[in-house]
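Asks: Quick one: structure below, then a few questions.
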Amino acid sequence: MLQGTRRAPDEILGMIPPSGEVCTVEKAAINAVMAGCMPEYFPVVLAALDAAMDPDFAWQGLMSTTMGAGVCVIVNGPIARRIGMNWQHGALGHGNRPNATIARALQLMVINLGGAVPGGMDRSTHGHPGKFGLCFAEDETDDAWQPLAQSRGIEPGKSAVTVFGFCGTSINNTETARDADGLTGSLSMCLNAFFHPQHAGGGLAAGLVLSGEYWGIYRDAGWDRARIHAALLEGTHRTQAEIESGVTRSSGGASSIPKFDPGDLVLVRAGSNAGLFSTIIHGWGSGPSGSQPVTREIVP
Amino acid sequence: MTQSITMLDPTSEKTNAMRSRKAPPASLDGLTVGLLDISKDQGDHFLDRLEVLFGERGIKVERFAKPTYAKKAPDDVTASLAERCDVVVEALAD
């Protein structure tokens, strides 16, 4: 595993939550071996680890919350193809070694080094299958789609990881939305149901994974990432009357209340080109007081 | 034929020092109680009520807050708790 990096085995990478034990390159490598990684995945693991240790990610909170959060790792750039990652059929599921093992390595580190044992320092009420580790590559095969990493400041041609704290995924389907506006309305309904239909006013993040067919509807209408993002933010505004009772964060009586703060809705392209589906990656508490997605360039 | 196997440890290979829990005081008379709000929704309601109840009994109370429940308490908050309080009540849940 150490052949996958030029970094010294005894280099200290940081402290692993919740307990705050020191992690060296060697300890990261041991856990990567246990996860089933190959040496060529190790630069991705190290970049994801560096991103997860950024205070903005609030990894300690994610690993100890009752909400049962885990780490989703999204890979962009040439390394995804080079190490054989999957961004197509079943990308969020089983059957591909780097997809299955990269985030798993991080989760083993928080167990073995950080002590995040359920019922111990991991206080998850339910947990979720994604706590084993969710990792996939973004589909960058269509130049009309701006990859996630580029939308977050990484230069084109560079490889990067983005870590996103998450509490499970849900799949959504509509086969009646045939144009961009209709699809936006449909996806907005699904996003408004995320976490709880009466939750509004920001404070929670979500990832939205668009399949090939859904992206095709937007692409054919001339929409790009920015326009889809803006339309979904607008489409998830609701009136006070629509969410009258049980709101968890009052917006002070505003007549049009957003579901999301703009930075909390993260769009990603993955999945096969057959199937009118999207997947919502359920985030956690967001913004400066919660967990923010963090992106790091992958250095070989 | 014998084969040599090297086992590697995925943990930190350290054992945390265990400290015994401080014995609870027999009485709160003359002590200072810290009330720590971790910024969970409505934790302040619980602590407001405790402050009233402690006040009715003549017990000194000091209030502290974490900026967010999602991250550990800043060092100055934990240092102040240790320096100024004998007992702490932490409102953990909403």
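Nothing in this text is a laboratory measurement; each read-out follows from the coordinates by a stated rule. What you see is a predicted model, and the numbers here were worked out from it, not measured in a lab. Positions of Cβ are backbone-derived with ideal geometry, glycine not excepted, and every protein chain shown enters the neighbour counts.
Asks: Less than 14 Å Cβ to Cβ from A:ALA274, Lys/Arg counted +1 and Asp/Glu -1: what total charge do the surrounding residues give? Don't skip to the end; give the middle numbers.
Replies: Numbers: positive: none; negative: A:ASP139, A:GLU175, A:GLU213.
Summing Lys/Arg as +1 and Asp/Glu as -1 gives -3.
Asks: In addition: How large are Rg and Dmax for the stretch B:32-91 when only the alpha carbon atoms are used, in Å?
Replies: 11.3, 34
Asks: For a 29 Å ceiling on Cα separation, which of these pairs sit above it: A:LYS158/B:LYS71; A:LYS259/B:LYS40; A:LYS158/B:LYS72; A:LYS158/B:LYS14; A:LYS27/B:LYS40?
Replies: Numbers: A:LYS158/B:LYS71 31 Å; A:LYS259/B:LYS40 20 Å; A:LYS158/B:LYS72 34 Å; A:LYS158/B:LYS14 38 Å; A:LYS27/B:LYS40 35 Å.
As for pairs spanning more than 29 Å Cα to Cα, those are A:LYS158/B:LYS71; A:LYS158/B:LYS72; A:LYS158/B:LYS14; A:LYS27/B:LYS40.
Asks: So how tilted is helix B:43-56 from the main axis of chain B? Cα-based, degrees 0 to 90, rounded to 10.
Replies: 50
Asks: If we count other beta carbons within 10 Å of each Cβ, what is the order of A:HIS282, B:HIS45, A:HIS128, fewest first? Before the final figure, lay out the partial values.
Replies: Values: A:HIS282 22, B:HIS45 12, A:HIS128 17.
Exposure proxy ranking, most exposed first: B:HIS45, A:HIS128, A:HIS282.
Asks: Over the Cα atoms, compute the radius of gyration (one decimal) and Dmax (the largest Cα-Cα distance, rounded to a whole number) for the stretch A:77-132, in Å.
Replies: 13.9, 40
Asks: When the convex hull of the Cα atoms of the stretch A:1-151 is projected onto a plane and the area is averaged over all directions, what value comes out in nm²? Please list the in-between numbers first.
Replies: Values: hull surface 35.8 nm².
Reported value for the Cα convex hull: 9.0 nm².
Asks: Counting alpha carbon pairs within less than 8 Å and at least 6 residues apart, what relative contact order, in whole percent, applies to the stretch A:2-297? Walk me through the numbers before you get to the answer.
Replies: Details: 645 pairs, mean separation 70.8, N = 296.
Rounded, it is 24 percent for the stretch A:2-297.
Asks: May I pose another question? With N set to the residue count of the stretch A:2-297, report its C-alpha Rg divided by 2.2 N^0.38 Å to two decimal places. Provide the component values of the computation, followed by the final result.
Replies: Numbers: Rg = 18.9 Å, N = 296, 2.2 N^0.38 = 19.1 Å.
Compared with the compact-globule rule of thumb, the stretch A:2-297 sits at 0.99.
Asks: Loop-only check: which trypsin sites (Lys or Arg not before Pro) in the stretch A:111-220 are DSSP coil with at most 11 other Cβ within 10 angstrom?
Replies: Working: sites: A:ARG123, A:LYS131, A:ARG152, A:LYS158, A:ARG178, A:ARG219; in loops: A:ARG123, A:ARG152, A:LYS158, A:ARG178.
Counting only loop positions with at most 11 other Cβ atoms within 10 Å, the trypsin sites (Lys or Arg not before Pro) in the stretch A:111-220 are A:ARG178.
Asks: Then there's this: Note down the net charge around A:ASP10, summing +1 for each Lys or Arg and -1 for each Asp or Glu among other residues with Cβ under 11 Å from its Cβ. It would help to have the intermediate numbers written out before the result.
Replies: Working: positive: A:ARG7, A:LYS27; negative: A:GLU11, A:GLU26.
Computed value for this residue: 0.
Asks: Just for chain A, what percent of DSSP beta bridges are antiparallel, to the closest 5?
Replies: Numbers: 27 of 37 bridges.
So the antiparallel bridges amount to about 75 percent of the total.
Asks: Further, regarding this structure: Using each residue's phi in the stretch A:274-283, evaluate 6.51 cos²θ - 1.76 cosθ + 1.60 at θ = phi - 60° and report the 3J(HN,Hα) Karplus result to the nearest Hz, with x for Gly and Pro.
Replies: 10, x, 8, 9, 10, 10, 8, 8, 6, x
Asks: Taking the Cα centre of chain A as origin, sum charge times position over the Cβ atoms of Lys and Arg (+1) and Asp and Glu (-1), and report the length of that vector in debye to the nearest 20. Present the calculation step by step, with values, prior to reporting the outcome.
Replies: Numbers: 20 positive and 27 negative charges, 95 e Å.
I would put it at about 460 debye.
Asks: Please report the relative contact order for chain B, taking Cα pairs under 8 Å with a sequence separation of at least 6, and give it as a percent rounded to a whole number. Mind dumping the intermediate values first?
Replies: Working: 109 pairs, mean separation 35.4, N = 94.
RCO, chain B: 38 percent.
Asks: Where does each of A:VAL163, A:VAL294 land when they are ranked from fewest to most other beta-carbon atoms within 10 angstrom? Walk me through the intermediate numbers first.
Replies: Details: A:VAL163 29, A:VAL294 22.
Ranked by crowding around the Cβ, least crowded first: A:VAL294, A:VAL163.
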